[in-house]
Amino acid sequence: MDVSRRTFLKSGISMAGVCLGWSHLSAIAAYAASFEPRKPGSSKILVVVQLLGGNDGINTVIPYSSPAYYKLRPTIAIKQEQVLHLNNDIGLHPEMKGMADLFKSGKLAVVAGAGYPNPNRSHFRSIEIWQTAQPDKIADTGWLGRYLDQTSEGKTTNSKVFPAINVDPSLPKSLSANRVLVPSVTDVNQFRFNTDAHAQQDRQCQLDSFKRIYSNYDLGRPDVKLLSEVGLDAMQASDYLLGVVKQYKDGVVYPNSGFARSLKFISQMICAGVDSRIYNVSLGGFDTHAAQQRTQASLLQQLSEGITAFQKDLEDHHLDQDVMIVTISEFGRRVAQNNGNGTDHGTAEPVFIVGSGVKGGVYGEYPSLNNLDSGDLKFTTDFRSIYATLLDRWLKGDSKQILGGRFDHLAFV
């Protein structure tokens, strides 16, 4: 089989460039052999779930005891008898049965009324505010990126191969850092040497040829030498990540959704010993300006079932005490429904924190539906208090330095 060096170089560049920065590949290759299955209690992990589009928090955490709720939402309000009660005033959407069970078992904390002063209703600016934790200025780094920078000080480059992993196509600004590069890996099966699917019998031959070319190809130029090293390192990194999936013990049946598959991939990496402290994943489609009921019900079902399976998976692997999930969205929705049986961009929203290490319950005051700000909820909990609690009490960082000020802790940790 006649395969040119140019063809293999092109293939190698393509594979090396999938989601991960080149500077990480040699580090991954060097450390791959040292990873072992994760031991319980070795470190704490935070999984951030972004609900993209602006989730309607009022139909997620429902103030079913409020007459104003049913008056302002005559056709899209959830009937009292359908609400999954959390207490005498509020409850969860009926499609969130799994998360209601987590609440009953003390593994779900609900923070009501999260927001910030002078709220912004632009998707782009508001999610930037939530991701950077800087409402008053445009920031270059994210709140988790600054945490990664803080914890990387004084450490060698290879001391943490994967400080964080983004399981989404685009890196969120929350993970933007000055000293740390965060890789995006959406599908481990795509991070591999691509060969002709119709000629699988030639795969090993092509791999062997690839390794020979990259081992011997040298024109005496530094950039060519770097390219060959990156190609070989990419092969080893690919083998490692694929091995992570293979050694994972599959017990829990995850729902058949992209969101659930992403959570399963995160569980595989955690169980295999990947050294990330932070994972990011998203669930999109929450911009429900019209026909909200069906769309949001489907999305909240995906959210609840995915998180419930993920939590059960961690429990089966005895790692549930080490992992905490937090959900965020760029904003909530306006209190009154619109003419399209949907809701428009609003302000305050509920935040969920899930995990066996969580002190379950309801935190913060649910915003009044009778005392609105031009039709919007008035936030009652500064979202930076949630971040400060996670940074200081869970991740053991310095929230004052990261957030640029001191914010009160909440008791969910």
Set Lys44/Lys137; Lys97/Lys396; Lys39/Lys264; Lys378/Lys400; Lys264/Lys400; Lys264/Lys378 screened for pairs whose C-alpha atoms are more than 28 Å apart: Lys44/Lys137; Lys97/Lys396; Lys264/Lys400; Lys264/Lys378
Unit Cα scatterers, Debye sum, segment 31-151: log10 I(q)/I(0) for q = 0.09, 0.14, 0.22 Å⁻¹: -0.42, -0.87, -1.26
Label point distance in nm, Asn339-Ser43, each placed 7 Å from Cα along Cα→Cβ: 5.5
Highest-first arrangement of 336-345, 70-79, where packing means the average Cβ count within 10 Å: 336-345, 70-79
Cα Rg, Dmax (largest Cα-Cα span) when computed across segment 304-413, Å: 16.6, 49
Net lengthening on full extension, Ala291/His409 (0.36 nm per residue, minus Cα-Cα): 38.7 nm
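Assuming R0 = 35 Å, can you tell me the calculated FRET efficiency for the pair Ser368 and Ile138, based on Cβ-Cβ distance, to the nearest 0.05?
Working: r = 32 Å, r/R0 = 0.92.
With a Förster radius of 35 Å, E is 0.65.
Considering all alpha-carbon pairs of segment 83-127, what whole percent are spaced by more than 11 angstrom? Spell out each step's value before the answer.
Values: 717 of 990 pairs.
In whole percent, the long-distance tail amounts to 72.
Counting Lys and Arg as +1 and Asp and Glu as -1, each charge on the Cβ, what is the dipole of segment 330-394 about the Cα centre in debye, to the nearest 20?
Values: 6 positive and 8 negative charges, 38 e Å.
My answer is approximately 180 debye.
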Within segment 335-360, backbone nitrogen closer than 15 Å to the virtual label 7 Å beyond the Cα of Arg125 toward Cβ: 345-347
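Every number in this text was worked out from the coordinates using simple rules, so none of it is lab data. Owing to the predicted nature of the structure, the values given are computational and were not obtained by experimental measurement. Cβ atoms come from the backbone with ideal geometry, glycine included; neighbour counts cover every protein chain shown.
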